[in-house]
1. Kindly identify segment B:1-73 as rounded, prolate or oblate by the Cα gyration tensor criterion: order the square roots of the eigenvalues as a ≥ b ≥ c, call it rounded if a/c is under 1.5, otherwise compare a/b with b/c, prolate if a/b is larger, else oblate.
2. Among A:Leu265, A:Ile656, A:Ala25, whose Cα lies farthest out toward the positive end of the dipole of chain A, if unit charges sit on the beta carbon of Lys, Arg (+1) and Asp, Glu (-1)?
3. To the nearest 500 deg cm²/dmol, what mean residue ellipticity at 222 nm is calculated for the protein assembly as shown from DSSP H runs of n ≥ 4 alone, each contributing -39,500 (n - 2.57), summed and divided by the residues?
4. For a quick protection proxy, order the peptides A:282-290, A:419-427 by their average other-Cβ count within 10 Å, most packed first.
5. What percentage of all Cα-Cα pairs in segment A:496-617 are separated by more than 22 Å?
6. Counting other Cβ atoms within 10 Å, keep those with at most 14, restrict to DSSP loop, and tell me which trypsin sites (Lys or Arg not before Pro) in segment A:292-386 are left.
7. In terms of Cα to Cα distance under 18 Å, which lysines are near enough to A:Lys634, apart from those fewer than 8 places away along the same chain?
8. Once you list every other residue whose beta carbon is under 12 Å from the beta carbon of B:Ser229, what net charge do they have if Lys and Arg are +1 and Asp and Glu are -1?
Amino acid sequence: MVISPLRRKVLRDLRRLWAQVLAIALVLAAGVATLILGNGAYSSLYETRARYYDDYRFADIFADVTRAPRALLGDIREIDNVLAAEARIVKLALLDMPAMVEPGTMLMVSLPEKGGRGLNLLHLRQGRLPDPQSAREVVVSEGFAAAHRLRPGAPLTVLMNGQRRDLLVTGITLSPEFIYALGPGEMMPDPRRFGIAWLPRPALEAAFDLEGAFSNVVLKLAPGASVDRTIEALDRLTAPYGGAGAVARKDQISHAFLDAELKQLSAMVKVLPPIFLLVAAMLVNITLSRLITLEREQIGLLKAIGYSSRAIAQHYVEFVLAIAALGIVIGISAGVWLGVGLAQLYARFFSFPFLIFTRDPQIYGLAAAVTVAAAVAGALLAVRVAVALPPAVAMSPPAPADYRARMGAFRRLFALRQTGVMVTRHLFRWPLRTASGTFGVAMAVAILVASLWSFGSINHMIDVTFTRAERHDALVAFGAPEPARALFAARQMPGVLAAEPFRAVAARISHRALSRKLSIMGKPETPTLSRVLAPDLRPMAMPEAGLILSEALAEALAVRPGDRVTVEFLEGARRTVTLPVSGLSLGYVGLGAAMEITALNRVMGEGALISGVALQIDETGQEAFYVAAKTTPKTGFVAVTALTVARFKETLAENITVMITVYVGLAAIISVGVVYNFARIALSEQGRELASLRVLGFTRGEVSGILFGELATVVLAAQPVGWLFGYVIAFGMVQAFSSDLYRVPFVIGPEVYVTASLIVCVAALASAWAIRGRINNLDMVEVLKTRE
Amino acid sequence: MSETIFHTKGLTKVYRSGAQEVHALRGVDFRAARGEFIVILGPSGSGKSTFLNIVGGLDTATAGEAWFEDHQLTTLDERGLTQYRRDHVGFVFQFYNLVPSLTARENVALVTEIARHPMSPDDALALVGLTDRRDHFPAQLSGGEQQRVAIARAIAKNPEVLLCDEPTGALDSATGIKVLEALAEVNRRVGATTLVITHNAAIREIADRVLRFADGRIVEETVNATKKSPAEVSW
């Protein structure tokens, strides 16, 4: 095969400029990798979930009731568009593991019906399903089994309804209902302290006094059926049996958390790849422009001997396409490799029986196409110059760079020496390039600011939630509301220093056409252990009659203090009342509404009932308390603040390392790519001047100082711009991620900006260091002899 | 002869490229007096530029000695050579090598800022007759003017030595004469020992002494009893 001379030149140029080519290719690769990773992970997660839901008949609607007769199920199945309905028993139990002192919770669920009619089917990983006749055989969730090293045949002791039951694990399973298994009162899944166990229905009926009844119903709807209308119909049927309002799949905890993850991925795909592709296009442009300037005479010669403008344009486009191809290859490899890593991360948080890792050629095709488009777009402006050059003009040397800028004031202001003047004028001589370089470095800073801020914000959230608001050491939620005297019993428990009651009532709060279902919390007039904070973080006193709504809820309902809302209680006498909104509170997790506990009991038309107690516990009495809390029949579940916080921080710490590595890597690729190319171009333009200065007696340090001064100016100018971009991106993310599940406080401390800038400056220094050798070896003898 | 400022003994330079050895200088013995104006002639490859580069501290010798006053240049390291160039040597290049982003005055100031006993940039420009062009950028100056700025830049530090490699090589005759006049003027006023490399034999008449290089050696040395002024020379 004969390679045409121009193509051979492309290959030689690539080899000669390999470092710059690689730097640009890496920026492109980062764009490709994030695009593939984001799109790939999105469709993997989405499709895996969809397949899982489909294959295992995941329900569309979920409803809890206190106790409904099984006969009601017939009525429920009659609701329009209901394809299947299954009555279940779903109840909390307390763990009693010999090796575990701290309290743990087990969600006991009756096994799905057999014969293809059941919903939320189980995927058996090990062992077998319990014998339907057995009262002690159980299958447990995989995460829980792994955390406790349980295998089929292992014993498991739980306290159901206050009674100790010795169970036998026969199998280990997964369920589409608990892909993300969050325990009650927790902020992060903790498979050690929360598990799910499936038992034959009769065993649970007996344990919870629910013979002939059920406590939970799940529905599968016909495609296209109205979820809202079905929920309305279902709620009407369950209301007499303590139905607390059904939830749609979109509000089901496990599903909603997966949705949040998907939302985050799609946001990543919208933000990161465009940044990289834009920066890469810019780098292609400035690098190719310089190459064309240097090759001006060659271009003239080629045209003079008869090469068409088109052939020359094609030559440079080929050079760029080669860079793009390199970027695509590296990017796809990195994307696939990172994809596998992300899939493993998902496997830790989400329990899937399988993970469909999409190898959709469309995703790769799209990434490649976008990358080529970005590179070629960057090349076009530069190539246009080459095309437009008439051969005669091209063959004569370019006119000397014309500097006319007067900068008297600027110069006096900074007391610049001549070398400083050189730096400044050179930067202003190529404003577009200087701006591009600044923009590129700024984007590196922005990526870091936009990723690092969240850790500070989460810490802030934890700090506010657990040191200012929820200041209790433990929280005991009763299985059912208890008379107020249960508070005194709680105070008598070992290790308890102080106790504060709370009441939690399921309710639907509405204002005009907007409504939300949530728990209204009743608290003492001036709570000390579980406080409600105003937006300025001051503790709030509970008003005599009105409600305090979290800002998120007020926003969702479009209400302001002074407005009245309709409250429909979904428990007890199920009254509907209107209440004034007395104030707004801060709240990061979920939607919140609070009022004074006696006022709450009064409007509900009930006596003095409490749902649980917040406790302050003496550290030395902790273990005794755990034992006592476990064995009290009233206890529904126990949440221990220190364990919740520790788990949260642990999870965060695991993610932080991965995330920081990835984002620092991405930012470093941009900074190195931009700074290195910028430096090489500046050196190529000024090499002759700098060598002349060396002849005149400037030291290596002084000469490097001029070039580094230029780089430093660009890098420093980029910092505030990067902070601003980062702030804007982070703000956009906060807006995009805020949901009824959680809202992240927008807190960016100075340390975020400092860290981002430090990382970028270190990467810039490393790139500058890489060209130091070239500056030191400037050929002084050569410059005496040759014209540029 | 008056005080010696430069001398070399057996100065040798061998370039190695691959297995091949190129002898650029084959044992040059040379002596220059303070204030002398020396013209160096010779064909391409005769070793004259290599010689100038070594005595100018831009290159190192393979063997032999080169002395500037009591500094042995051949023993100095990179740092020492930089300091020598900075303190004692002024260079004028064939292609001027001005910094395009600095005005004439700023180009001169570039050197005076780092020199020990500089003259003012304005005085240096006045010496080469460019006072009224001092605020122009190189792109706004003619070739001759640019070269005169380069001379002003070279002498503004009051150097003991002024080294010029083909200073008129890129200029036409009339402009070249102006540049030579500036060099002669500076040599007289500042008293810098001036070495000028040229292809142009006509220039020899303005020198105190003329050296001819061939094949890495000085093959001929002529002392001019009477110097001509640059204006009397033509080529």
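Where a number appears in this text, it was derived from the coordinates with a stated rule and is not lab data. Source: prediction; values computed, not measured. Glycine gets a Cβ as well: all are built from the backbone with ideal geometry, and neighbour counts include every protein chain shown.
1. Prolate, because a/c is 1.5 or more and a/b exceeds b/c.
2. Sorting the options by dipole projection puts first A:Ala25.
3. -16000 deg cm²/dmol
4. A:282-290, A:419-427
5. Taking all Cα-Cα pairs of segment A:496-617, the fraction more than 22 Å apart is 28 percent.
6. A:Arg359
7. Reachable lysines: A:Lys91.
8. Overall, the nearby charge balance is -1.
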